[in-house]
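Below is one structure; the comments refer to it alone.
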Amino acid sequence: MIESGEPQTITVTGAGGQIGYAMLFRIASGALLGPDVPVRLRLLEIPQGLRSAQGAALELGDCAFGLLDSIEVTDDPARAFDGANIALLVGSRPRGPGMERGDLLAANGAIFGPQGAALNAGAADDIRVAVVGNPANTNALIAAAHAPDIPGERFTALTRLDHNRAVGQLALRLGVPVSRISGVSIWGNHSATQVPDINHATVADEHGVWHPVPERLAEVFGSAPAAEQWLAGEFIPRVAKRGAEIIEVRGSSSVGSAAAAAIDHVRDWVAGTGADHTSVALASDGSYAVPQGLVSSFPARSVGGQWHIVQGLSITPAVQLRIDASVAELVAERDAVAALGLLG
Ligand code: NAD
Ligand code: LMR
């Protein structure tokens, strides 16, 4: 657990890029580790990105954040990860219109092996790694494969953005604030095959009484089959393809929501999730028959600073089919990066 008052070293890669810029100010203001934990920021960039990261560092200084202990900008991974307690691995190319995230495998995969090795060599014993750069699940797998001395459970990838999107879409359809939705899950890959699952979700009424979401949706749509049709035809594709929708509308991939989700992910990991679970991509321990070691999204709770996959959830046959397809995609990505020699 992190002691109040003890400065924590947080390394952000790709700190000169869009998401890096969006997250740095929130990290420095205490949104990541709370109002009592000073932060030392290490900003890692490639040489072409250094000026942009240096500019962000100047602006961070201008904010006079009380919690910001120090900022260092570097293009040396060994320096960036030396003593790191938390590493947010953002630096990598984003996809453009018409691309799938998996199309970035060859271009981005090569970034994560050396960074895993640098983490292995110098990070603090309590290092926690959150991979944001796409394809995030498999990049986390690559980084972990190069860090044999760091427990595999410390390498995670971001599916919190998908989780938050699912909660947002559900709340919108049910006409309630997001605070009244609980128990949503994302399974599988952070890709178009991901599986947003509301079968264990609940929604609170105005008296604070919780009801199963499938029942509530059946009321809203007039029948359970009509609700199923909405889930399969609108909700799941909307959430799973939201990244592409943002690219189409904005002209480039999500930034503010991605930075916010990465901060939610690490904050919950460190501080705990409480009663509700969230969604995290982490190395499978074989739960739900996902092959061991594959970095797949699961419903999870953080307790005592560690993620625990929620056990014992019943999976409907339709959801199982989707999970199988997403896991098959992860297996194919793993085999592709192994063939490229990226798993060491
Ligand atoms: P960006 O192009 O604005 O910034 C990327 C930065 O990474 C650039 O400044 C670049 O110089 C730097 N970089 C490249 N290689 C690096 C390396 N080896 N070490 C350190 N820095 C390096 O991109 P962005 O919009 O910030 O997106 C970054 C990544 O995050 C992309 O891969 C994008 O697809 C991904 N992303 C993931 C999620 C998610 O939910 N998992 C959400 C949004 C975006
Ligand atoms: C997202 O989900 O918004 C990101 O992974 C960016 C992308 O390429 O979709």
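The values are calculated or read from the model by the stated rules, or taken from the named source; none is laboratory data. This is a predicted model, so every value here is computed, not measured. As a convention, Cβ positions derive from the backbone with ideal geometry for all residues, glycine included, and neighbour counts pool all protein chains shown. Note: areas computed on protein heavy atoms with side chains; ligands, DNA, RNA excluded. Shrake-Rupley method; radii C 1.70, N 1.55, O 1.52, S 1.80 Å.
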Separation between the residue 76 and residue 221 pseudo-spin-labels, each 7 Å from Cα along Cα→Cβ, expressed in nm? 5.8
Test item: Cα-centred dipole of the chain, Lys/Arg +1 and Asp/Glu -1 on Cβ, debye: 540
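In deg cm²/dmol and to the nearest 500, what is the mean residue ellipticity at 222 nm of the chain if only DSSP H runs of at least 4 residues count, each as -39500 (n - 2.57), divided by the residue total? Provide the component values of the computation, followed by the final result.
Details: 12 runs with 142 residues, N = 344.
That calculation yields -13000 deg cm²/dmol at 222 nm.
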Among the stretch 59-73, those whose backbone N falls under 17 Å of a label point 7 Å along Cα→Cβ from residue 25 are 59-68
Give me the net charge of residue 35's neighbourhood, meaning all other residues with Cβ under 15 Å from the Cβ of residue 35; Lys, Arg count +1, Asp, Glu -1. -2
Of 73, 291, 94, which is farthest along the charge dipole of the chain in the positive direction, counting Lys and Arg as +1 and Asp and Glu as -1 at C-beta? 94
Selection from 29, 119, 47 lying farthest towards where the dipole of the stretch 11-129 points positive, charges on Cβ: 47
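Rounded to a whole number, what % of the accessible area of the stretch 1-68 do carbon and sulfur atoms account for, probe 1.4 Å? Don't skip to the answer; put the middle values down first.
Values: 1620 of 3110 Å².
The nonpolar share, carbon plus sulfur, comes to 52 percent.
Tally up the carbon and sulfur contribution to the accessible surface of the stretch 192-279 as a whole percent, 1.4 Å probe, everything protein left in place.
On the way: 2110 of 3990 Å².
Its accessible area is 53 percent carbon and sulfur atoms.
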Fluctuation leader among 17, 175, 55 - the chain, Gaussian network, Cα springs under 10 angstrom: 175
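In percent, how large is the relative contact order of the chain, given Cα pairs closer than 8 Å and 6 or more residues apart?
On the way: 705 pairs, mean separation 59.5, N = 344.
Relative contact order comes out at 17 percent.
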In Å², what does the accessible area per residue of the stretch 112-227 work out to with a 1.4 Å probe? 35
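What percent antiparallel are the DSSP beta bridges of the chain, to the nearest 5? Please list the in-between numbers first.
Details: 21 of 44 bridges.
Bridges in the chain are about 50 percent antiparallel.
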